[in-house]
Ligand code: HEM
Ligand code: HEM
């Protein structure tokens, strides 16, 4: 019997791509497509061709350049929400629950890894719910200030994902090279249940 059923593997890799994609949108928003940097650049470049714009106008232009990229944060956000619902269904399969069974027999390290997975599921669920609330704040009858406060928490919690993802990838590579040979390829071809 395979360790990871095909549907779980497909789930894991789509989920990984979506989370990395969402981190990518945040990276672009904070670097190459930052409205602060680009509004200064636009002001300067427009001045070189004798066009003057106010700070507010430059901000509108810079945000318009960023907007099509940021749409992907929302599109991937819907995908993440669907993936989390899919993960809940997968908990009813052997592949989906095996990591959380007979935990008392595991080493302390393994217990921490598994606790980390539960933590990341909880954090991602919070990100999805808070993200959807910020996006639909008007429809939900919330004030702009409330949506802003929720965004601050959404942004703060994002840092934990930024820590989990590299730790998880590096951890999987180290395990593959030490005592858990095939841990990564098992997630590709399914592996065998020992
Ligand atoms: C791209 C490089 C990645 C590799 C090589 C990788 C590898 C793996 C492997 C080998 C496992 C099984 C580990 C075990 O049995 O304990 C696993 C599980 C898991 N991965 Fe990844 N992963 C990657 C990216 C990601 C990303 C970006 C996320 C997003 C948060 C993620 C979330 C998870 C979760 C939540 C589990 C636990 C599955 C369960 O509930 O049993 N992975 N990963
Ligand atoms: C892996 C999950 C997620 C991560 C890492 C993440 C990260 C972030 C970060 C860091 C910000 C603040 C950006 C800034 O102001 O500089 C943000 C804003 C936002 N996120 Fe997410 N997010 C995630 C999931 C979601 C989901 C599922 C949705 C819902 C569709 C969503 C919708 C939003 C919205 C609407 C904003 C406010 C943008 C604005 O003020 O214009 N996010 N997100």
If packing is taken as the mean number of other Cβ atoms within 10 Å per residue, what is the order of 100-107, 182-189, 149-156, 22-29, highest first?
22-29, 182-189, 149-156, 100-107
Which angle from 0 to 90°, rounded to the nearest 10, does the C-alpha axis of helix 55-90 make with the longest principal axis of the chain?
20 degrees
In nm, to one decimal, how far is the residue 104 label point from the residue 132 one, both placed 7 Å along Cα→Cβ?
3.7 nm
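Taking neighbour Cβ counts within 10 Å as the exposure measure, how do 134, 49, 75 sort from fewest upward?
On the way: 134 21, 49 6, 75 14.
Ascending number of Cβ neighbours within 10 Å: 49, 75, 134.
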Round to the nearest 10 and give me the degree value, 0 to 90, for the angle of helix 35-48's Cα axis relative to the longest principal axis of the chain.
40 degrees
Longest to shortest principal axis, alpha-carbon extents of region 6-189, angstrom:
70, 42, 29
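In whole Å and largest first, what semi-axes does the C-alpha gyration tensor of region 50-150 yield when each eigenvalue is scaled by 5 and square-rooted?
On the way: eigenvalues 339, 50, 37 Å².
Largest first, region 50-150 gives 41, 16, 14 Å.
For region 10-55, what ratio Rg/Rh do Cα atoms give with a Kirkwood hydrodynamic radius?
On the way: Rg = 17.2 Å, Rh = 12.8 Å.
My calculation puts Rg/Rh at 1.35.
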Any idea what the relative contact order of region 6-189 is, in percent, if you count C-alpha pairs under 8 Å spaced at least 6 apart?
19 percent
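Would you calculate a helix-derived [θ] at 222 nm for the chain, using -39,500 (n - 2.57) for each DSSP H run of n ≥ 4 and dividing by the full residue count, to the nearest 500?
On the way: 7 runs with 148 residues, N = 194.
Helix-only estimate at 222 nm: -26500 deg cm²/dmol.
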Give me 43, 31 ranked fewest to most by other Cβ atoms within 10 Å of their Cβ, as a rough exposure proxy.
31, 43
Kindly put 127, 69, 112 in sequence by how many other C-beta atoms sit within 10 Å of each C-beta, fewest to most.
112, 69, 127
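Each reported figure results from applying straightforward, stated rules to the coordinates on display, with no laboratory input. Given the structure is predicted, the values throughout are model-derived calculations rather than measurements. Note: ideal-geometry Cβ built from the backbone for every residue, glycine included; neighbour counts use all protein chains shown.
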